[in-house]
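Data first, discussion second: the structure below is written as structure tokens.
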């Protein structure tokens with residue numbers, strides 16, 4: 001299933017999440033991009049039974065680190081396309097978790113998550129990204145990632 005982003009226009013039409021990220025279902029956790037620019041992205045996701053680490057009760061909150069990373073990937077993927085074009089190489093970023101504060105242990109199926117990831121430090125192909133994940137307006141995670149693209 002291709003998830004389109006109708007408000008993000010490429011030179012030849014509409015961008016998809018698959019053009020921004022190397023992830024594919026069931027590892028693609030983002031459902032919708034609300035905002036994106038060269039500095040930050042804001043995404044929406046609904047916790048699903050198809051997500052990794054799902055059991056009969058929901059999904060372990062550790063998945064929020066991956067959700068933060070994918071939202072950072074939307075921002076940096078958009079910047080790649082904006083500066084190098086739609087046909088530029090789609091490669092992932094190596095990621096390290098500098099800090100993660102997960103305020104819940106389990107995510108129930110159907111929970112709507114809003115994730116904001118912002119590049120807070122940028123040097124060549126290195127980024128430090130600060131992300132917050134919200135259940136409605138209640139913060140449930142803050143994650144600081146270090147990204148490097150070889």
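Bear in mind that the values in this text are calculations on the coordinates, not laboratory data. Because the structure is a prediction, the values reported are computed rather than measured. As a convention, Cβ positions derive from the backbone with ideal geometry for all residues, glycine included, and neighbour counts pool all protein chains shown.
A Förster radius of 25 Å, combined with the Cβ-Cβ distance separating residue 83 from residue 31, puts the computed FRET efficiency at roughly 0.45. Helix 63-84 and the longest principal axis of the C-alpha atoms of the chain enclose an angle of approximately 10°. Each residue, residue 101 and residue 55, gets one label point 7 Å from its Cα in the Cβ direction; the gap between the two is 2.7 nm. Convex hull of alpha carbon positions in the stretch 34-96: directionally averaged projected area 5.3 nm². The order of the peptides 95-106, 115-126, 75-86 by mean Cβ neighbours within 10 Å, most packed first, is 75-86, 115-126, 95-106. Its Cα gyration tensor gives the chain an equivalent ellipsoid. The semi-axes, each the square root of 5 times an eigenvalue, are 24, 18, 13 Å from largest down. Each part gets one Cα centre, and for the stretch 12-63 versus the stretch 105-150 those centres are 12 Å apart. Highest-first packing order for the peptide set 134-144, 36-46 is 36-46, 134-144, based on the mean count of other beta carbon atoms within 10 Å.
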